[in-house]
Structure formats: structure tokens, C-alpha cells
Amino acid sequence: MPTAPTVPWPTDGLSFGGDYSPEQWPREVWHEDVRLMREAGVNLVTVGVFSWALLERSPGVFTFDWLDEVLDLLHENGIAVDLATPTAAPPNWLLTAHPEILPVDATERRERPGGRLGWCAASETFREHALRIVGALAERYGEHPAVRLWHVSNELGGGNARCYCEVSAADFRDWLADRYGDVDAANSAWGTAFWGHTYTSFDEVSPPRGVGGAPNPGLALDFERYSSDALLRHLDAETAVIEQHSAVPVTTNFMVGAGSQVVDYAEWARHVAIPANDHYTLVDDPRREQDLALAGDRMRGMTRDRGSWLLMEHSTGGPSWQQRNRAKDPSELVRNALAHVAHGSDGALFFQWRASTAGAEQFHSAMLPHAGTRTRVWREVLALGRALRALGPVQGSRVEAARVAIVVDEASGWALQSGLKPHRGLRYATEVRAWHRAFHDRQVTTDVVPLDADLDAYDVVVLPTLLIVDDAAAARLAAVVERGATLVVTYLSGVADETARIRSGGYPGAFRQVLGAWSEEFTPLQVGETRTLDDGGVVIDWAESVVVDDAETVLRHTDGPLAGTPAVTRRPVGGGAWYVSVRLPDQSIRRIVDRIVEERGIARTVTAPPGLEAVRRVRDDGSAFLFLLNHTDGDVGLSAAGTDLLDGSVHGPETVVPAGRVRVLREERAS
Ligand code: GLA
């Protein structure tokens, strides 16, 4: 497999640390911080995320001495720095002088100072100020030996993902003019003859605001794309300034997880040297470990050559932005961190190092809690530090090549969840997650990949509700069966093209032919309504009246208006082209996945009950590291052999993973 130029990893071995905000503390505390960081084995901290107001007290007047001191102190102590540009939090002097940079929401309400990411991505005024502080920082620290990674802003889009102000509107019009050339091309793409919305000039186009929840679907989708591009342009602009002064790799922290679809991260990942993610489990998610695994598989799927990415933030305990901020159970901290590593992160960082005593997030957990070091959290932080050191040889290895790909694309999520739809309760991320879960529970590794990924290496390709797909992508996806792979297409896929226009001739438009089946009508179910299938399973939320042309019926409706008609079909071509026209609960999805996994002879990483997660990372020299994570509260025994890097114990041919614990077996394998 061709490899891209290797990006130097910021630390020797796996990275361990978190956001560090010395500006919140007096100098004496900095020395204690560094001593405790060393005790814990911290080797990378993110500095400066929210420090603009302290670094530039008035326009162009910089105060770097405290940051000089912090960077030198960290460097003297062998702790590398991920230096953040502070643009997530514009200073009050800037917001006071230029309130017009604050973002405006779809109801045309302008944000007020006091939060963060209080800026519109189209604002040239903001950009000018932002690039000045970024340039000053990069110039001063571009070659500082402590700085091993640059961190652009923070969670771009978390608070300013969409801005509907007039500056954004004008920028959106320029973006449209670039995309379509002339306004008639946009009229035709969006079908503006409907409701008499024909535009005679791009000047008449506005972002979808004030339209009573019924925007033109093509225009709304373009506004989502534009908004992602506008923020990406800012990321690129900061990166370019940094690169004028520094050869150190640049990253920015994504928010992949729990259904977040703020921007087109697959595209963004191509603009950073090392993709990074922030992941927080949700307290009311009974399968939070699977959301974490999905986020990891997605990060890997968008990383160059499926290589290493970095977990930039997660939490040691409760965050403070959920309703009831649950503390982590004993050993959950270590297990969560190592799960990210299992899925390809070459480190585990937290928000944040020391718990803040003031400010909005004063109740957020941290590596060093308010109560100090005589705490379970601190002891677990020390344990994690030891574990990550012991796992040093894992750095630079890759997750073993997956044979299953789940294709995701933000455009489908954006389109499914906006405007008028046959069923407005459907969530793109829910369907993606359900299919991922079935493979995950069976210990089959999946790559969750973007729409334009190379699919040649996969034996099974799953398209969950891929509503929006252009002709070229549809043809590429359909072609996987020709080379013998299995294609699984679920309801509402291929229904619309890239302009959000419905494909005529029957659903699921773009995939009708490859599936040998199509449907004439959607028949969404009502709240609480279920239908029965001939294997005893049920249908929830969604059904369609399917007509089979050239496929076998795998499952049939047995009741309701669709009784006797196909619900799940399979065209016997290549490895099989499946159409799942209904929304299924987990156990039914699992039955389909089990059948496909068996038919295709896809080996499970291990054979164990759900809740025992298993992922293998491998190196080119043949070394292999088998991560076994027991998310259940009972011990799990299984066949696996090797030396546990975490405690030196030797296992095989059987091993037991104690409840809640992790083993990482270094396996003996022929190279
Ligand atoms: C995000 C931010 C951090 C912090 C945490 C709290 O990930 O990047 O600054 O606010 O959330 O969970």
C-alpha cells in the first residue's frame, strides 16, 4: 500500500496529557503542575487555547513573557507542547469594537459576548485580527523546541457552525457563483420553479433563514456545504500563517461522536497533518462504548492511509455540559482512553489537566481534580500514564485492515434532517450507528469511510440511509458487487442527487438497478407502531412498498398494508446486493450482519459475547497488538494468546479479561 510522507509524531511513544491552562493559576502552581505531570508521565499538553485576551491586551500589543516562561518550564521538564492558536475566544476588546463579527442564527438573532467561538467565519475583520495573533505566535514559537504540534483554534464550528448574517449571506452568494457559474444553473439545480422561487441574480439568494422550516432542499444543502467550507477556509488561513514560520505539524480538534455532523470532517481531515478528535460519552447512552468505537473507526476512516490520529480531548469523569454529569465508573477512565488507542489514536489527551475553580466550566472533571491527588481519579490517571508508556511500541502501528466499510457522508445527514420529509424523526447518525453496532458486537472491525474512499479492499460495503449521492459515486458504489463484494443499501439511500433533487422512476433511485428491486411509495410508521416480518422480527419507523425485478426476497412483511410484500431483498450478483427497505431494531440488523459475515467468511477478531471489544493493531514488521476491552461487569474468557503489555502476564491458548478491564496482548505472529 503506498504511504504518504510520514508526519513526525509529537511524542516518543503514545501521547498523554491534556489542555493545560496555566493562565488560570499563579506561578507557584505551575511548578506543582509540572512535577505532577512528570509523576503521571504526561508528555504532551495543549497550551494557549483560550489565551488571546492575555496575549494581546490591545490590538497589536503582545505580552508573551508568561507564555515564554510556561513553554520553557515544560520543555525543561521534557513535556512537549501542542500550541493552540487562541482564536476560539476573541477578546472582549475585539467584540466590543466589532460586534458585527458575532455570529447570527437562523432567526436573525446575533450572539452576545460571553461565550466562545463568537465569530462569523466570513468576517474579514475577524480574520484580520485572528491572523495577526496567529502570526505573532507562530513567529515567536515556530521553532521553540517544546512545540511539537500546532492546534488551530478549538472545535471550529462548535458555536459558530452556521452564521446567517449579511456578511455570510454575501459570501454564500460568491460561493454559489463559483459553484454554479450563473444563476440559471442554480435555478435548475434547486428546482426553483417550485413555489415561484426563480432567481434572476445571485444577489436575490439568502441563506435559509425565516422560511418556516421549509427551505428549498437544494439551497439548504448548499448552505450547509458553504458553512463547512467557510470554516475550512479559516482553518486553512491560520495554517498557512503558521507554516510561514514553523515546520511543526498542524492539527485542529474535530467533534466526531454522538451523531455530531457539524461540518464535513472527511474533507477537513485532508487539510491537517494529524487529524484530532474530541470525544465525550453521553450519560444517557446505554452503549456509550460503541459510540466511542464508532468515533474511532470514523476518525481512522478519514485519516490518510488509515494511519494514526490523535484523541485530543475526552474526560476523566463528568463533563459539565450534560444534564446530570455522571462520573466514570472505576476503571472506565483507563478503558475509554485505551479504546481510542485501540481504534487508531496514538495517544489519549483530556480536557483538562487541572480542574478550574472559576469560569463556566468550574465543575468539569480534570486529570487533577479539585480534591487533589488523594483521589481515585488521580490514581487512575497515574495508571493510565503507566499503561500508555507500556504501550509505547503500539505508536505508529495501524489497525488491522478491515474487510467491512460503512460509508458516511455529511450531505446525507444534513439533507435527511432538514426541511419537509416523509418522516422528520429519522436521524442519519442513528442508522449509521445501528449498522456499526452489529459488526462491533461481533468483534468485526469496520472502517467508517467517506463517500469518495477507495473501496477496493473491502468485501462488504454498507450504505446506511445514503440519501444524497451523485451519479459518479453511485456508479462506484454499485460497482463493488461486480468485483465480488457485498453491498448493503438501507432505506432512503440514493433517493436524491447531489442537488437534493429526487431521482424519478422509483426509490432508491441511484441503486435500483444494482439492487434489482425498487419501491413505489414510502409508508412511514407512526409512533409506537410496529409491523411484523416473516422471521418474527419487527419493523419500526419506516417501510416502503417494494417491487422485486431481479432479486430474492429475504424477509417479507406479514401484516399491515404491506403484508406479503418484500421488506429485505438480495440480488444474487457478486457477493450479493442487499436492499433493507425498512428500519429494523438491533436484533434484526444483527441477524443480517451475522449472515453476511458468515457468508463472506469474515473472521471475527476474537469470538466473544457482545461487550467484549477486540481490535488488533499491527506493524509492518509483523508485530501485532490485540486490544481486548471488557465493557461488561463480569469476567470474559476467550481464545487469545500473547504477553499482556500492561502487566507482563502471559496468556494462551485461553485468556480471561476481568470485568471492566483491558488487556493488550502482544501476539507472536509470523511476519
Ligand atoms: C470541548 C472543548 C473544551 C471543553 C470541553 C468540555 O471539547 O474543546 O474546551 O469545553 O468541551 O467538555
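Give me the base-10 log of I(q)/I(0) for segment 404-600 at each q in 0.10 Å⁻¹, Debye formula, one uniform scatterer per Cα, rounded to two decimals. Each listed q maps to, in turn, -0.35. Take every pair of alpha-carbon atoms less than 8 Å apart whose residues are at least six positions apart; their mean separation over the length of segment 333-384 yields a relative contact order of 31 percent. The string of couplings for segment 545-553 from the Karplus curve (6.51, -1.76, 1.60, θ = phi - 60°) is 8, 9, 10, 9, 9, 8, 7, 9, 8 Hz, one whole number per residue in order, with x for Gly and Pro.
Using a Förster radius of 30 Å, what is the FRET efficiency between Ile540 and Asp284 based on their Cβ-Cβ separation? Nearest 0.05, please.
On the way: r = 19 Å, r/R0 = 0.65.
After rounding, the FRET efficiency stands at 0.95.
Segment 11-39 and segment 478-527 have Cα centres separated by 52 Å. Between segment 214-254 and segment 82-121, the C-alpha centres lie 16 angstrom from each other. Take each peptide in 635-645, 301-311, 655-665, count the other Cβ atoms within 10 Å of every residue, and average; sorted highest first, the result is 301-311, 655-665, 635-645.
What does the charge dipole of segment 404-600 about its Cα centre add up to, to the nearest 20 debye, if the Cβ of each Lys and Arg holds +1 and the Cβ of each Asp and Glu holds -1? Walk me through the numbers before you get to the answer.
On the way: 20 positive and 29 negative charges, 76 e Å.
Result for segment 404-600 is approximately 360 debye, rounded to the nearest 20.
Report the relative contact order of the chain, percent, no decimals, based on alpha-carbon pairs under 8 angstrom and at least 6 residues apart. Walk me through the intermediate numbers first.
Values: 1416 pairs, mean separation 68.7, N = 671.
Relative CO of the chain lands at 10 percent.
Long-range amide H contacts for Asn277: which residues qualify at under 5 Å (H placed 1.01 Å from N, peptide plane, sequence gap of 5 or more or a different chain)? Those lying under 5 Å, H to H, from Asn277 are Phe254, Leu310, Leu311, Met312, Glu313. Between amide H atoms placed 1.01 Å from N, distances below 5 Å from Phe350 occur with Gly17, Gly18, Asp19, His314, all of them 5 or more places distant or on a separate chain.
The HN-Hα couplings worked out from phi for segment 653-658 by the Karplus form 6.51 cos²θ - 1.76 cosθ + 1.60 (θ = phi - 60°) are x, 10, 9, 10, 9, x Hz, whole numbers, x standing for Gly and Pro. Here the peptides 525-532, 537-544, 221-228 are ranked by packing, the mean other Cβ count within 10 Å, and the order with the highest first is 221-228, 537-544, 525-532.
Sorted from greatest to least, the principal axis extents spanned by the alpha carbons of the chain come out as 75, 72, 46 Å. Think of the chain as a dipole: +1 on every Lys or Arg Cβ, -1 on every Asp or Glu Cβ, centred on the Cα centre; then among Gln526, Gly181, Ile242, Gln526 lies furthest on the positive end. Judged by a Cβ-Cβ distance under 4.7 Å, the unpaired cysteines of the chain are Cys165. When the Cα centres of segment 295-331 and segment 531-570 are compared, how far apart do they sit, in Å? Using only Cα atoms to place each centre, the spacing works out to 38 Å. Counting only DSSP beta bridges whose two residues both lie in the chain, roughly 50 percent are antiparallel.
With all distinct Cα pairs included, what does the Kirkwood hydrodynamic radius of segment 612-667 come out to in Å, to one decimal, could you say?
Details: mean 1/r = 0.0897 Å⁻¹.
Averaging 1/r across every pair of different Cα atoms and inverting gives 11.1 Å.
Around the amide H of Ile79, modelled in the peptide plane, lies no amide H under 5 Å away from a residue 5 or more places distant or on another chain.
Can you tell me which of 445-453, 20-28, 369-377, 406-414 comes out highest on packing, and rank the rest after it, using the mean Cβ neighbours within 10 Å? Don't skip to the end; give the middle numbers.
Values: 445-453: 21.7, 20-28: 16.1, 369-377: 14.3, 406-414: 24.6.
My ranking of the peptides, most packed first, is 406-414, 445-453, 20-28, 369-377.
With n ≥ 4 as the cut-off for DSSP H runs, can you work out [θ] at 222 nm for the chain, using -39500 (n - 2.57) per run divided by the number of residues, rounded to the nearest 500? Helices in the chain give a 222 nm mean residue ellipticity of -9000 deg cm²/dmol.
Rounded to whole numbers, the Karplus 3J(HN,Hα) couplings from phi for segment 169-184 are 4, 5, 5, 4, 4, 5, 4, 5, 4, 5, 6, 9, x, 10, 5, 5 Hz, using 6.51 cos²θ - 1.76 cosθ + 1.60 with θ = phi - 60°, and x at Gly and Pro.
No lab work stands behind these numbers, since they all come straight from the coordinates. Computed from a predicted structure; not experimentally measured. Every residue, glycine as well, gets a Cβ built from its backbone with ideal geometry; the counts of neighbours run over all protein chains shown.
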